[in-house]
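Shown next, in structure tokens, is the structure this report addresses.
Throughout, read-outs are computed from the coordinates displayed, never taken from laboratory work. Keep in mind that this is a model prediction, so the values were computed, not measured. Because the Cβ atoms are built from the backbone with ideal geometry, glycine has one as well, and the counts that use them run over all protein chains shown.
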Amino acid sequence: MEGTGLAFELQQVSFAYGPEQPVLGDVTLDILQGSWVSLVGPNGCGKSTLAKLLGGLLAVNSGSIIVEGTPLLRETVQQIRPRIGMVFQNPDNQFIGATVEEDIAFGLEGRCLPRAEMVERVKRYADKLEIGHLLAKHPAELSGGQKQRVAVAAILAMEPGIVIFDEASSMLDEKARGELLNILREMKHSGKYTMISITHDAEEIMASDRAIVLRDGRIAADLKPRDLFGDEELLDSCRLIAPYEVRLVRELCRQGIRLPAGYCGEEVAEALWQLYSNK
Amino acid sequence: MAIVFEQVSFAYDERSLWRHSALEEVSLELGTGVFAAVAGSTGSGKSTLLQHFNGILKPTGGKVRVLDFTLQAGEKQPPLRELRRRVGLVFQFPEQQLFEDTVEKDLCFGPLNFGMGAEEARERASKALALVGLDDSFLPRNPFHLSGGQMRKVAIASVLAMDPDVIALDEPTATLDPQSRAELAELLSRLQREQGKTVIVVTHRMEEMLPYVDTWIVMKGGAKVFQGSPAELVRESGWLERECGLAVPACITTWNNIAARFGLEDEEPCLTSEKLAWRVARLLERPGQSIMREGGG
Amino acid sequence: MRNKLLFGRSIDTGSWVHGVDPRAKLTGMILYLAAIVIVGSWPALGIAAAFSLAYMISTRIPLKYYAKAAKPLWVLMVFIFAVQCLTVKQGDELFRLGSWALYTGGLSSGLIAASRMALLVSFTAILTFTTTPGLLNQGLAGVLTPLRVIGISAQRLTLMMSIALRFIPTILDETHKILKAQAARGADLKEMPWKEKGKMLVSLLVPVTVSAFRRAEELVLSMESRGYVIGAPRSEYHLLSWRLRDTLFVVSYVALVAAVLSIRWI
């Protein structure tokens with residue numbers, strides 16, 4: 001990674017939709033390149049607004065945002081935007097093209113890429129997201145999960161260094177949600193992306209490196225996801241619920257049974273069996 | 001029986017070139033006062049099934065009996081007004097159906113349509129609002145200025161205001177935050193327990209409904225592949241996950257793993273972390289008891 | 001899900017018509033429209049019908065799909081037929097009802113007018129059946145390029161149209177859903193006296209409008225975040241290349257117009 005090693009540097013960022021509607025106040029934070037950050041908080045805490053500021057879709061009222069070393073200003077926004085991709089909540093409302101193929105190509109056309117390269121990228125990223133067989137389909141013929149894959153492919157095809165997921169999995173069914181989470185995990189694993197996800201989903205938060213908690217437009221906590229789920233008061237204030245495994249370990253602890261944290265799936269049963277056998 | 005389906009089939013665009021079948025010979029019975037949930041992957045026919053409960057869709061094959069109404073394929077349908085009042089149907093993202101400039105007017109829309117007087121409708125509105133846990137201070141407010149969770153509750157109340165005997169909801173918790181989802185599930189359970197309503201929920205997040213539901217139905221490709229109690233669902237979750245694309249939640253897999261290890265398969269499953277922790281603690285207190293197959297340590 | 005069948009639905013059979021340059025198809029359609037307007041006699045109608053049939057068959061798309069495309073407009077066709085029957089008073093009198101009489105001329109021009117309508121609608125379906133919306137847009141942009149002279153950007157115009165086309169099925173689906181939701185609250189348009197229908201329309205229009213605006217807003221965000229800037233130069237994903245076949249395609253339509261014209265004047 002070049003530059004400062006920081007994807008975002010925010011200095012005392014404030015934003016309001018009007019004098020009576022302050023949304024964000026005095027937000028200062030750094031986000032490392034290649035990291036995966038979850039933005040969490042109750043509805044109306046300003047997390048979606050922060051995502052739009054980061055993506056250059058809104059401009060700050062005061063304070064500054066530096067993206068990979070370049071200050072985000074009115075003059076630089078067109079130059080910075082290509083480095084940031086955004087995936088939104090509603091799979092239908094971000095499907096711009098009339099077919100999968102055209103939707104992936106939409107952003108590339110704006111980049112004025114030569115046709116040969118567009119065709120190559122459309123194919124490469126469609127294959128990567130396993131939608132290669134759907135290229136000619138109309139959005140009405142796709143499921144929500146498939147449409148969200150198209151959205152991710154369309155973003156990744158533009159080869160941004162930063163990808164922001166704004167509640168991207170919240171309208172999907174359980175299976176599609178799990179699949180999207182795996183895509184995020186792979187993206188993280190590739191090391192090519194700085195990822196910011198706004199989410200209520202416990203598993204998604206758990207998979208990220210860092211959780212930033214917003215409340216009333218300010219940063220209320222900035223911690224490891226595991227610590228977030230260990231803090232019941234903080235969870236309540238974000239209206240979150242810990243993953244089942246975490247809750248189980250906590251309840252077991254209340255019953256006097258101590259299991260080291262970090263078990264998942266079958267390991268819990270196995271660990272309990274060990275405890276039982278050793279008695 | 002509140003609801004009886006006899007080999008109900010349904011196809012969209014029945015007589016056209018683009019006919020496509022959404023339900024295939026579904027038979028089911030749901031008793032009065034149950035809390036039932038319908039699960040299954042996207043496109044399995046869950047929503048189509050739900051829309052048969054109050055005659056929004058009419059079967060293209062077979063017979064639907066709801067309360068004392070019968071809808072039979074090929075026969076002239078009876079007037080549906082009374083059925084629609086007695087079976088409230090809440091669609092996905094019901095907040096999108098709100099249109100009045102005050103919560104009260106929106107809540108009165110249903111009751112007035114069903115011929116109630118203005119005074120009675122207002123009374124119903126206030127009662128329905130209380131049922132979803134909102135007080136009368138919401139009545140004069142503009143529904144479009146409420147938060148997403150509150151709008152959802154108002155929209156559900158707008159159906160409850162008709163005082164239906166049966167209430168059927170399509171993915172009522174979708175896109176809400178986790179605690180609002182849990183609260184909504186609890187609220188529906190209260191409607192069933194305290195008001196004696198029959199509640200039927202379509203869901204793809206099984207975990208949040210598990211503590212309350214007494215009958216589970218699983219759909220696949222327009223057909224019913226499972227109906228039974230939570231305990232039966234837990235026992236059959238393996239093949240339902242493998243073959244029907246059911247997203248089985250962690251609380252079920254964890255229980256199944258522990259049950260297999262400790263030989264508890266015949267017990268009532270413990271599906272909340274509290275219950276399971278308590279059960280495990282009892283096991284560890286007295287090693288050797290209630291272990292049938294593997295002896296003790 | 002189902003409404004997609006009405007708008008922008010292409011059916012890929014891989015016929016040679018599918019491969020024709022969309023600009024050629026659009027030009028052909030305009031010529032066809034001209035020909036249909038000129039058709040005024042049975043022989044001319046016969047030529048147009050034979051021509052249409054030949055093209056429909058060569059798309060290898062079952063003819064019933066074309067019939068289906070014309071079906072929603074049958075009321076209009078009956079109306080046009082009736083107007084002709086009522087107003088044209090030429091030829092022999094067939095029968096009389098009080099002061100009104102049906103003449104052979106009226107019957108004949110009624111039938112011709114209705115058939116013209118049916119031909120036009122089902123034939124223009126060739127365009128949408130054999131061309132994906134994206135290609136169609138690009139073709140349209142090509143045909144509209146001369147508008148630049150009067151300061152209208154063809155690219156912007158076609159993007160607008162393509163998004164409208166893309167969202168019509170979604171919004172129709174949603175309207176359908178809200179109709180059902182309000183029916184569940186006792187406002188069933190089908191069971192309602194006409195007088196009250198107007199009132200009920202509000203319960204439909206408000207939610208649909210609100211949601212259409214929300215969609216538009218989200219779509220704008222999505223387009224902006226994918227780097228869309230109004231008026232900025234863009235490259236094109238679909239590359240159009242004009243070939244001999246396309247020229248021949250247009251020529252066949254010119255021939256049709258010529259044939260129909262000659263019948264009219266002879």
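Just rank A:SER35, B:SER147, A:SER190, fewest to most, by other beta-carbon atoms within 10 angstrom.
The most exposed by this proxy come first: A:SER190, B:SER147, A:SER35.
Any idea what the dipole of chain A comes to, in debye rounded to 20, about its Cα centre with Lys/Arg Cβ at +1 and Asp/Glu Cβ at -1?
180
Using the alpha-carbon centroid of each, what span in Å lies between segment B:107-136 and segment B:257-275?
Between the Cα centres of segment B:107-136 and segment B:257-275 lies a distance of 44 Å.
What does the helix-only formula give at 222 nm for the protein assembly as shown: each DSSP H stretch with n ≥ 4 adding -39500 (n - 2.57), the total divided by the residues, and the result rounded to the nearest 500 deg cm²/dmol? Walk me through the numbers on the way to the answer.
Details: 30 runs with 400 residues, N = 842.
Roughly -15000 deg cm²/dmol at 222 nm, from the helical runs in the protein assembly as shown.
For segment A:82-133, go through all pairs of different Cα atoms, get the mean of 1/r, take its inverse, and jot down that Kirkwood value in Å. Write down the numbers at each step before the final one.
Numbers: mean 1/r = 0.0846 Å⁻¹.
Evaluated over segment A:82-133, this radius sits at 11.8 Å.
Taking H as built 1.01 Å from N, whose amide H comes closer than 5 Å to the amide H of A:LEU32, not counting residues under 5 places away?
Amide H neighbours of A:LEU32: A:ALA7.
I'd like to know how segment A:34-142 sits against the 2.2 N^0.38 Å rule of thumb: what's its Cα Rg over that expected value?
Taking the Cα Rg and dividing by 2.2 N^0.38 Å, one obtains 1.27.
Against the longest alpha carbon principal axis of chain A, how many degrees, from 0 to 90 and to the nearest 10, is the axis of helix A:266-277 turned?
With rounding to tens, the tilt is 10 degrees.
Farthest toward the dipole's positive end in chain B, which of B:ALA2, B:SER44, B:LEU246, given Cβ charges of +1 (Lys, Arg) and -1 (Asp, Glu) about the Cα centre?
Final value for the positive-end residue is B:SER44.
Over chain B, one equal point on each Cα, no solvent: what is log10 I(q)/I(0) by the Debye formula at q = 0.09, 0.11 Å⁻¹?
Log10 I(q)/I(0), no solvent term: -0.50, -0.72.
In what sequence do C:ILE47, C:ILE178 fall when counting other Cβ within 10 Å, fewest first?
C:ILE47, C:ILE178
Tell me the Kirkwood radius of segment B:93-165: reciprocal of the mean inverse pair distance over distinct alpha-carbon atoms, in Å.
11.6
Please give the Cα centre distance for segment B:42-56 versus segment A:101-148, rounded to the nearest Å.
After rounding, the separation between the Cα centres reads 33 Å.
I need the peptides C:23-30, A:97-104 ranked by packing, meaning the mean over residues of other C-beta atoms within 10 angstrom, with the highest value on top. Could the numbers behind the result be given before it?
Values: C:23-30: 19.8, A:97-104: 25.2.
Highest to lowest by the protection proxy: A:97-104, C:23-30.
Any idea which of B:THR102, B:SER147, B:VAL159 is furthest toward the positive side of the dipole for segment B:93-165, if Lys and Arg beta-carbons carry +1 and Asp and Glu beta-carbons -1?
So the residue we want is B:SER147.
Name the long-range amide H neighbours of B:GLY62: under 5 Å, sequence gap of 5 or more, or other chain; modelled H, no Pro or chain starts.
B:SER9, B:ALA73
In chain A, what is the count of Lys pairs whose alpha carbons are under 26 Å apart, counting only pairs at least 8 residues apart or on separate chains?
28
Cross-link candidates for C:LYS199: which lysines have Cα within less than 17 Å, leaving aside residues fewer than 8 places away along the same chain?
Reachable lysines: B:LYS105, C:LYS180, C:LYS190.
Of A:ALA153, A:SER64, A:SER190, which is farthest on the positive side of the dipole of chain A, counting Cα position, with +1 on Lys and Arg Cβ, -1 on Asp and Glu Cβ, and the Cα centre as origin?
Selected residue: A:SER190.
What number, in nm² with one decimal, is the all-direction average of the projected area of the convex hull of the alpha-carbon atoms of chain C?
20.3
Need one value for A:251-257: mean number of C-beta atoms belonging to other chains within 10 Å of its residues' C-beta atoms. Before the final figure, lay out the partial values.
Working: counts 9, 7, 1, 5, 10, 4, 5.
For peptide A:251-257, the averaged partner shielding equals 6.
Expressed as cubic angstrom per residue, what is the convex hull volume of the alpha carbon set of the protein assembly as shown?
In the protein assembly as shown, the Cα hull volume divided by residue count equals 208 Å³.
Can you list residues from other chains, or at least 5 along the same chain, whose modelled amide H is less than 5 Å from the amide H of A:SER197?
The answer is A:VAL37, A:SER38, A:LEU39, A:PHE165.
Taking only the Cα atoms of segment A:6-242, how large is their convex hull per residue, in Å³?
In segment A:6-242, the Cα convex hull volume per residue is 122 Å³.
Step through the residues of segment C:214-230 one at a time and calculate ³J(HN,Hα) from phi using the Karplus curve (6.51 cos²θ - 1.76 cosθ + 1.60, θ = phi - 60°), rounding each to whole Hz and writing x for Gly and Pro.
Each residue of segment C:214-230 in turn: 4, 4, 4, 4, 5, 5, 4, 4, 5, 5, 4, 5, 9, x, 6, 10, 4 Hz.
How large is the charge dipole for chain B, taken about the Cα centre, if only the Cβ atoms of Lys, Arg (+1) and Asp, Glu (-1) carry charge, to the nearest 20 debye? Intermediate values should be presented prior to the final figure.
On the way: 33 positive and 41 negative charges, 65 e Å.
The dipole magnitude comes to about 320 debye.
Take the Cα gyration tensor of segment C:86-202, multiply each eigenvalue by 5, square-root it, and list the three semi-axes largest first, rounded to whole angstrom. Display every interim value, and only then the final one.
Working: eigenvalues 302, 212, 38 Å².
Over the Cα atoms of segment C:86-202, the semi-axes work out to 39, 33, 14 Å.
Starting from a Cα-only point model with no solvent, please compute log10 I(q)/I(0) by Debye for segment A:104-187 at q = 0.18, 0.24 1/Å.
Results for segment A:104-187 at q = 0.18, 0.24 Å⁻¹ read -0.78, -1.28.
Can you tell me which aspartates and glutamates have their Cα less than 18 Å from the Cα of B:LYS63? Leave out same-chain residues fewer than eight positions away.
B:LYS63 reaches B:GLU6, B:GLU14, B:GLU24, B:GLU25, B:GLU29, B:GLU75.
With viscosity set to 0.890 mPa s and temperature to 25 °C, compute the Stokes-Einstein D of segment A:130-279, Rh being the Kirkwood radius across alpha carbon pairs; µm²/s, no decimals.
Result for D is 138 µm²/s.
Counting other beta carbons within 10 Å of each residue's own, what order do B:LEU71, A:LEU248, A:LEU135 fall into, fewest first?
Fewest to most other Cβ atoms nearby, the residues stand as A:LEU135, B:LEU71, A:LEU248.
Just to check I understand the Karplus step: with θ = phi - 60° and J = 6.51 cos²θ - 1.76 cosθ + 1.60, what whole-Hz values come out for segment A:237-244, glycine and proline as x?
Along segment A:237-244, the couplings run 5, 8, 6, 9, 10, 5, x, 4 Hz.
I'd like the mean, over residues of B:36-46, of how many other protein chain beta carbons sit within 10 Å of each residue's own Cβ.
Taking the mean over all residues of the peptide, I get 2.
Just tell me how shielded A:94-105 is by partners: mean number of partner chain Cβ atoms within 10 Å of each residue's Cβ, no decimals.
Mean partner-chain Cβ count within 10 Å for A:94-105: 6.
Please check chain B for the longest run free of trypsin sites (Lys or Arg not before Pro) that are loop-located per DSSP (anything but H, G, I, E, B) and have at most 10 other Cβ atoms within 10 Å. Show your work: numbers first, answer last.
Working: sites that count: B:ARG15, B:LYS76, B:ARG293.
The reported range is B:77-292.
With the contact rule set at Cα under 8 Å and sequence spacing of 6 or more, what percent relative contact order holds for segment B:93-165?
Contact order relative to length: 47 percent.
Quick one: Karplus J couplings for segment B:200-214, per residue in order, coefficients 6.51, -1.76, 1.60, θ = phi - 60°, nearest Hz, x for Gly and Pro?
10, 10, 8, 8, 10, 9, 5, 4, 5, 9, 3, x, 10, 6, 9
Rounded to the nearest whole Å³, what is the per residue volume of the convex hull around the Cα atoms of segment C:154-230?
Hull volume over Cα atoms, normalised by residue count, gives 105 Å³.
For the protein assembly as shown, with only Lys/Arg (+1) and Asp/Glu (-1) charged at the beta-carbon, what is the dipole magnitude about the Cα centre, in debye rounded to 20?
Dipole size: approximately 2980 debye.
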